[in-house]
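The values are calculated or read from the model by the stated rules, or taken from the named source; none is laboratory data. Computed from a prediction, not measured in an experiment: that's the story for all the values here. Cβ sites come from the backbone with ideal geometry, for glycine too, and all protein chains shown count toward neighbours.
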Amino acid sequence: MKDRKRKKQRKFLVGFGLVIAAICYLIYTGATDATMYYLTVSELKAAVETGDVAYDENMRLHGKVVNGSIQRDDVGTMRIRFVAHEGGVEAPVVYTGVVPDTFKDDSEVVVEGGYGRDGTFTAHTLYAKCPSKYEAEGGYGQYEQAEPQSPEPLPQS
């Protein structure tokens, strides 16, 4: 009787331990992916010159799309090429996948992928920031800077 009870307890503890281990693994991988630091184009070029970059290592790159640099390959390949720039430095980027609607000339982008020995950043993920045309004229702070108006008197009846 005691043997059966111990076996059930042991099976329960092993199963519970596996569930806890799986949850810890998912938390760890989710946290490391979410906290990945991104480099700007100028930081990447500086790291290449000093030898501090690991080629083909997964990283994120931030920059702006150079006007007129977007080239689309054949329709079936879903591959685009463009040049990202920041701080007077440029880096060619190749991305294969679905392109967001907000991806245009002079838009800010964050690409995730690897920097190759040929000097091209090969991306598997592309995030395009919303253009500033969605901001209110004068920036977001225009409403806080307005002086309060005195209320109009209510009509007397």
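Are any residues in region 80-95 over 18 Å from Leu126 (Cβ atoms) and surrounded by 12 or more Cβ atoms within 10 Å (Cβ to Cβ), and if so, which ones?
Gly87, Val89
Given the structure, is Val83 within 16 Å of Asp118 (Cα to Cα), modelled with pLDDT under 85 and either in contact with a helix residue (DSSP H, G or I) (Cβ under 7 Å, 6 or more places away or on another chain) or not in a loop (DSSP other than H, G, I, E, B) (or both)?
no
Yes/no matrix, rows are residues, columns are (1) within 14 Å of Thr125 (Cα to Cα); (2) among the polar types (S, T, N, Q); (3) under 16 Å from the mean Cα position of the chain (by Cα):
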position: Val41; (1), (2), (3): no, no, yes
position: Met59; (1), (2), (3): yes, no, yes
position: Ser69; (1), (2), (3): no, yes, no
position: Met78; (1), (2), (3): yes, no, no
position: Gly97; (1), (2), (3): yes, no, yes
position: Lys104; (1), (2), (3): no, no, no
position: Gly113; (1), (2), (3): yes, no, yes
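In region 86-128, which residues are among the β-branched types (Val, Ile, Thr) and part of a loop (DSSP other than H, G, I, E, B)?
Listed by number, the residues that qualify are Val98, Val99, Thr102, Thr120.
Please go through (1) out of contact with any His (no Cβ under 9 Å at 6 or more places or on another chain); (2) farther than 24 Å from Cys130 by Cβ; (3) at pLDDT 90 or above for Gln71 and return the number of the only condition it doesn't satisfy.
(2)
Consider Val48 carefully, then state whether it is touching a strand residue (DSSP E or B) at 6+ places or on another chain (Cβ under 6 Å) and either aliphatic (A, V, I, L, M) or touching a residue at least 60 places away in the same chain (Cβ under 8 Å) (or both).
So Val48 does not fit the description; no.
Within region 51-79, can you find the residues that are loosely packed, with under 12 Cβ neighbours inside 10 Å and free of Cβ contacts under 8 Å to residues at least 40 places away in the same chain?
Gly51, Asp52, Ala54, Asn67, Gly68, Gln71, Asp74, Val75, Gly76, Thr77
Can you name the condition, by its number, that Pro92 falls short on among (1) within 21 Å of Asp56 (Cα to Cα); (2) of a type outside the set (A, V, I, L, M, F, W, C); (3) at pLDDT below 60?
(3)
What about Lys64, is it of a type in the set (D, E, K, R), at negative phi and not in a helix (DSSP H, G or I)?
Judged against the criteria, Lys64 is a match.
Regarding Ala46, is this residue touching an Asp or Glu at 6+ places or on another chain (Cβ under 9 Å) and at pLDDT below 90?
Criteria met by Ala46.
Please verify whether Ala54 is more than 20 Å from Ala128 (Cβ to Cβ) and either touching a Pro at 6+ places or on another chain (Cβ under 6 Å) or not in a helix (DSSP H, G or I) (or both), treating the condition exactly as stated.
Answer is yes for this residue.
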